[in-house]
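A short write-up of the structure that comes next.
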Amino acid sequence: MLKQTEGSHAVAEAVGLCRPEVICAYPISPQTHIVEGLGEMVKAGEIQDCEFINVESEFAAMSVAIGSSATGARTYTATASQGLLFMAEAVYNASGLGLPIVMTVANRAIGAPINIWNDHTDALSQRDSGWIQLFAETNQEALDLHIQAFKLAEEVSLPVMVCMDGFILTHAYERVDVPTQEQVDAFLPPYEPRQVLDPTDPVSIGAMVGPEAFSEVRYLAHAKQMQALELIPRLAEQFKAVFGRDSGGLTHSYLLDDAETVVVAMGSVLGTIKDTVDEMRAAGEKIGVLGITSYRPFPLDNVRAALQNAQRVVVLEKSLAVGIGGVLSTDVRMAMSGLQLHGHTVVAGLGGRAITRKSLRALFAKAVRGELGHLTFLDLDWNVVNKQLERERTTRRSGPAAESMLRDIGVIATGIV
Amino acid sequence: MFQVRIHGRGGQGVVTAAEMLSIAAFEEGRHAQAFPSFGSERTGAPVVAFCRIADEEIRLREPIMEPDALIIQDPTLLLQVDVFSGLKKGGYILINTSRTFAELGLGDYVRDWPADRLCTVPATDLSRKHVGRPMPNVPLLAGFAAASGIIRLESVIKAINAKFSDRVASNNSAAATEAYQFVADEIKAARHEEAAHA
């Protein structure tokens, strides 16, 4: 049924339709509306046979999720930003133990400086945690990916993180097609666990493994992600057969056939990029877009195939690997290994900085002219940066950088703080 | 694509207004995207929310920097925030006030504007009268429907019923209906005046 609703609410409805048995979560913006919605649905009896567990922290949320998933219950949680970092130890355990938990990450920056707005640094900080990580472009895709995530998680016995841009998607009202219970039931069978804690048939989950088998057990996690690489496109096809729309898969291509310039990105910024690319196409520029839906496993072969006829690649990412530059671009460049083309990393949209068509147009035009460097920070205010660098060069006790820089741009009134 | 920017203060239902506008447009079979700008969400602090309306899927995710219409929920913002930033020349301006544009000190700014694009409605008063609370968002939305013709009053009332229930919904609908009529009369008078001067 078509509805005009908030992204968070759409995701809550999708999770509800997946018949979860345990939902545990600790509130943190911008994820809160999702679990609030699910809490209301459980209380109202709209989700049957489901227990909603309030926990005291994100660490507890993931710990409860591990426990409930190990007993064979379909388990869901959600978090963002510092919350994801706080649960990090348990995040690795969930995947190491092979427990098919589904978690929404409503992407938000990581402090310090504290910032509640959107970027991808939270999810990407867990890129090596062993979780499958899927990125949604729209609220419709966020809804659809959650339904696919439960099936994917349970088929390969790995947890899946569905990443959606905090605020930009979670708090946006837009049109979504919410499927029926019958459709979801036809796509997603009841959970059949590979391992289960059962007093009548005792097993231990989480044995200590020494050097004699640690590599083998870890390799198995990699092998399962490689299986997921095969499974994700098949699930997208099955999804289309039941629900009638393209959603998910490994990558999304847009106007790539004759593209000399390819922009690679993840998440909701793809929409703004496509609008910009349409304008540039209308002016005769051969430019296209590759959206990465599956970040882990990373589809090296698909990315390589999509880029092999291009002359230049611009990876635009809402993340920063301090000390090297890009996170996503490191993986994209690995896919490009041996291909003769120019690669550019663009760090954009950190901490909620708006990514505008105007800035993108200028950026892509610069790339086409061959004037873009290897690493660019989109719309960076060099005056503010240079002023602080100068302050630190000339003054030993230069003080806290964030406060000084805010004062320089006039956000904190001089003399008051 | 038609783009609306709503300015108000925390607690005035600015974000809800943008969401309801998107629901009203959806009810008319259109695509719509409503989203807030996220600042510190304190009561009384300036708040901005956005709504895009189009006949095709909306992919754009940037804030609305060149609106076709402005709804100003609190006229005291005129002194504090550059609410007119990027407004298209001749765009719709709807202000929650019982004063005129000239009395608000906007005479120079709107000198070349078509008179029927400049609307005011005492939305807080209407909300107090019908709902018993100073919540100007719904009467302004109905006023916007009358001013722009982008959405119909019936769709605004459907959006009210999607967001509220029972007496809150019916009271808001009454406020909306009166605000719609107020702005419709205001525009009729403005057009009459313009015709007389032509």
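Where a number appears in this text, it was derived from the coordinates with a stated rule and is not lab data. The model shown is predicted, which means the values in this text are computed figures rather than measured ones. FYI the Cβ positions are ideal-geometry reconstructions off the backbone, even for glycines, and counts take in every protein chain you see.
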(Q) Give me A:203, A:160, B:83 sorted ascending by neighbouring Cβ count inside 10 Å, so fewest comes first. (A) A:203, B:83, A:160
(Q) Quick check on the stretch A:347-417: take the gyration tensor over C-alpha atoms, sort the square-rooted eigenvalues as a ≥ b ≥ c, and tell me if it's rounded (a/c under 1.5), prolate or oblate. (A) prolate
Q) Just how large is the dipole of the protein assembly as shown about the Cα centre, in debye to the nearest 20, putting +1 at every Lys and Arg Cβ and -1 at every Asp and Glu Cβ? A) 1500 debye
Q. How high is the relative contact order of chain A, given as a whole-number percent (alpha carbon pairs under 8 Å, six or more residues apart)?
A. 14 percent
Q: Write out the GluC sites (Glu not before Pro) in the stretch A:354-399 meeting two conditions: DSSP loop, and at most 11 other Cβ atoms within 10 Å of their Cβ.
A: A:371
Q: Using the structure shown, select from A:43/B:163; A:151/A:224; A:3/A:240; A:286/A:366; A:274/A:318 the pairs with a Cα to Cα distance greater than 22 angstrom.
A: none
Q: Please work out the FRET efficiency for the pair residue A:192 and residue B:65, using the Cβ-Cβ distance as r and a Förster radius of 60 Å; give the result to the nearest 0.05.
A: 0.70
Q.
Using Cα springs under 10 Å in a Gaussian network model of chain A, which residue among A:242, A:64, A:42 shows the largest mean-square fluctuation?
A. A:242
Q: Express as a percent, rounded to the nearest 5, the fraction of DSSP beta bridges in the protein assembly as shown (both residues included) that run antiparallel.
A: 35 percent
Q. Can you pull out the trypsin sites (Lys or Arg not before Pro) in the stretch A:348-402 that DSSP calls coil and that have at most 15 other Cβ atoms within 10 Å?
A. A:369, A:396, A:397
(Q) Over the protein assembly as shown, what portion of Cα pair distances is larger than 44 Å, expressed as a whole percent? (A) 25 percent
**Q.** Calculated [θ] (222 nm, deg cm²/dmol) that DSSP helices of n ≥ 4 give over chain A, each run adding -39,500 (n - 2.57)
**A.** -13000 deg cm²/dmol
Q | Phi to ³J(HN,Hα) by Karplus 6.51 cos²θ - 1.76 cosθ + 1.60 over the stretch B:125-138, Hz, x for Gly, Pro | A | 4, 5, 5, 4, 5, 8, 9, x, 9, x, 10, x, 5, 5
Q) Restricting attention to the stretch B:1-45, which GluC sites (Glu not before Pro) occupy a DSSP loop and are surrounded by at most 16 other Cβ atoms within 10 Å? A) B:28, B:41
**Q.** Rounded to 5, percent antiparallel among DSSP beta bridges of the stretch B:2-197
**A.** 55 percent
Q. Ordered by residue, what ³J(HN,Hα) values in Hz, to whole numbers, does the stretch A:333-342 give under the Karplus form 6.51 cos²θ - 1.76 cosθ + 1.60, where θ = phi - 60° and Gly and Pro are x?
A. 5, 5, 5, 8, 3, x, 7, 8, 8, 7
(Q) From Cα pairs below 8 angstrom and at least 6 apart in sequence, can you work out the relative contact order of the stretch A:251-377, rounded to a whole percent? (A) 27 percent
Q. Modelled label-to-label distance, residue A:300 and residue A:339, 7 Å Cα→beta-carbon offset: nm?
A. 1.4 nm
